[in-house]
Structure formats: C-alpha cells, structure tokens
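Right, one structure below, let's go through it.
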C-alpha cells in the first residue's frame with residue numbers, strides 16, 4: 001500500500017481510482033464493509049482503491065476531538081492488511097478548512113480523476129460543511145463517475161460506529177468492542193525511556209507514548225503484549241499518574257510484564273487490553289501506590305489463570 005501526503009504528491013499512476021472519504025478511526029467492521037465495496041468496485045474497473053482522509057482529524061483541529069481508537073500509523077497498518085491500495089492524506093489546516101465545494105470537487109475530478117466514490121448520504125465537505133451528498137451526485141453526473149450511498153453496519157440493533165466502540169471501551173466491555181472492531185482492542189507503540197520509578201515500586205514498567213490527543217481508555221488493565229519473543233501477560237496503566245504530581249502531565253501507557261526482565265527500549269509492541277481492573281487514582285504516597293500495584297498484579301494474574309483454565 002502507498003501513502004500519499006497531499007494532493008501535490010499525486011502521480012499519474014494514482015489517478016483514476018475508486019475512493020471513499022472519512023476518518024476511519026478504528027477501522028472497525030463497519031469501515032471494513034465499506035472498504036470491501038470500494039475494493040470490489042476497483043477490481044471491477046481494474047483501477048486502484050483509495051481512502052481519502054485528514055490529519056489531524058477535523059474535530060481535533062477545532063479542539064473538541066473524541067479519543068482516538070487508532071493513531072495514523074496504526075490505521076495505515078490496518079488498511080494495508082485489508083488490501084487498500086492507496087491512502088491520500090490531507091493535512092487539515094486553515095487552508096484545507098477553507099476549501100470551497102467547487103475546489104474540493106475539482107480535486108476529485110481533475111487531480112485524482114476519480115472513477116467511483118462511496119460516501120454516506122449525510123457526508124458534508126467544503127468550507128463550513130457547505131457541500132453534501134447531492135453535490136457529489138451532481139458532480140458525478142457531470143464528470144462521469146459513480147456516487148454510491150453507503151449503508152451502515154448494525155450490531156445488536158445498533159449502528160456500528162467509532163463512538164459506540166469508545167463507549168464500550170469506557171465501560172470496560174472489551175468483548176463488545178472486539179465484536180465491532182473485528183479484533184481485540186489494542187495500542188501499538190514504541191517503548192521509550194521513563195523515570196525508572198517502577199523499579200523502586202517493585203514493578204518495572206515499559207513506557208509507551210500514546211501519540212494521541214486523548215486516549216480511548218484510562219485506568220488499570222490486565223493486558224497481553226505482543227511483538228517480543230513471545231506474548232506476555234501483564235498489568236497496564238493508562239493515564240497521567242496523578243500520584244507523581246507532574247507539572248505537565250500527558251497520558252502515557254505503562255506496562256508491567258509478568259516474569260520478564262529483558263531490555264526492550266526502542267522496540268515496537270502491541271498492547272492488547274483484556275480486562276479493566278480499576279480506575280486510575282491519586283494515592284497518598286508511593287507506599288500506598290506500591291501496595292495498589294501489587295494488588296493489581298494479583299487481580300490480573302487471577303484473570304489470566306481463570307481464562308486459561
């Protein structure tokens with residue numbers, strides 16, 4: 001799969017594709033159903049399939065973004081696994097926000113030379129979201145490309161959406177989130193150096209930068225970690241570590257692996273969330289925090305033992 005950063009990097013072999021437009025945060029089963037339609041049409045027309053998206057997400061740019069299920073790199077990896085040919089990513093800034101309806105359609109027709117487009121009938125685009133589905137249908141009639149209205153996927157009588165998955169994760173309903181994602185919820189990232197405080201608390205941790213405006217989960221969890229010599233079980237904390245009273249706290253993912261003593265700085269790992277143990281809280285001191293971590297380990301080990309029995 002090829003990632004194209006901006007319309008200025010469109011090459012002749014990118015043109016004449018079948019596309020869809022959207023955030024596709026999480027690349028859940030609803031997204032996958034859409035992408036399958038795009039791929040099927042692209043195969044029929046013998047042209048590439050394309051997802052058109054924006055970074056940062058428009059809601060993030062306007063300062064009221066929901067928590068991300070996947071950061072850009074994770075989305076790209078998932079889209080590649082699903083067999084999407086091209087991802088065209090626009091930087092969402094003031095210039096992008098100000099694009100008129102006509103200029104946006106012009107990019108689709110002139111720069112991309114789109115052959116078919118899949119969007120929902122509630123899709124809006126252009127400055128102040130002034131363009132809509134019917135504008136695209138009209139453009140398709142004028143420029144000879146098909147516009148298909150997407151139908152939503154339903155799980156237990158409710159529409160599958162990134163919002164609903166976030167709600168399931170917040171409630172600790174990981175089985176429900178997995179049903180809608182089509183895979184267990186996970187976070188992938190690189191292990192970075194931290195304050196080494198975990199060693200003094202009897203639970204050495206691997207710190208993983210989230211690279212998100214907000215995390216989709218927070219609290220303490222039983223997790224499995226992939227990407228090392230084998231899959232390890234452990235306890236993870238997602239949050240701002242309130243007990244440490246850091247001046248500029250940022251959400252971080254800390255993982256304590258059971259029965260593990262290797263050095264893993266710089267390695268990329270996948271943390272799979274299995275069970276919520278408790279909310280993150282501020283303790284009176286490090287001794288109380290150490291005691292809580294020890295109890296978290298007991299709960300997590302019991303969960304995995306019960307699961308394996």
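Structural remarks
- Measuring how big the chain is from its alpha-carbon positions, Rg and Dmax come out at 22.0, 70 Å.
- Within the chain, antiparallel bridges make up roughly 60 percent of the DSSP beta bridges whose residues both belong there.
- Relative frequency of Cα-Cα separations exceeding 19 Å in the range 77-205, percent: 69 percent
- Counting only DSSP beta bridges with both residues in the range 35-194, the antiparallel share comes to about 30 percent.
- Taking Cα atoms only, the orientation of helix 72-81 departs from the longest principal axis of the chain by about 70 degrees.
- Going from the fewest other Cβ atoms within 10 Å to the most, the residues 263, 268 appear in the order 263, 268.
- Cα-based equivalent ellipsoid, the range 1-116: semi-axes from gyration tensor eigenvalues, Å: 21, 19, 11
- Rounded to the nearest 10 degrees, the angle from helix 29-45 to the longest Cα principal axis of the chain is 40 degrees.
- Theoretical gain in end-to-end length, residue 214 to residue 127 [0.36 nm per residue, Cα-Cα removed]: 28.7 nm
- Viscosity 0.692 mPa s, 37 °C: Kirkwood-radius Stokes-Einstein D of the range 56-104 over Cα pairs, µm²/s: 258 µm²/s
- GNM flexibility winner over the chain from 168, 49, 142 (Cα, springs under 10 Å): 142
- Relative to the longest principal axis of the Cα atoms of the chain, the long axis of helix 286-308 makes an angle of roughly 70 degrees.
Read-outs: derived from the displayed coordinates by stated rules, not from any lab. Everything quoted here is computed from the prediction, not taken from an experiment. Backbone-built Cβ (ideal geometry, glycine too); neighbour counts: all protein chains shown.
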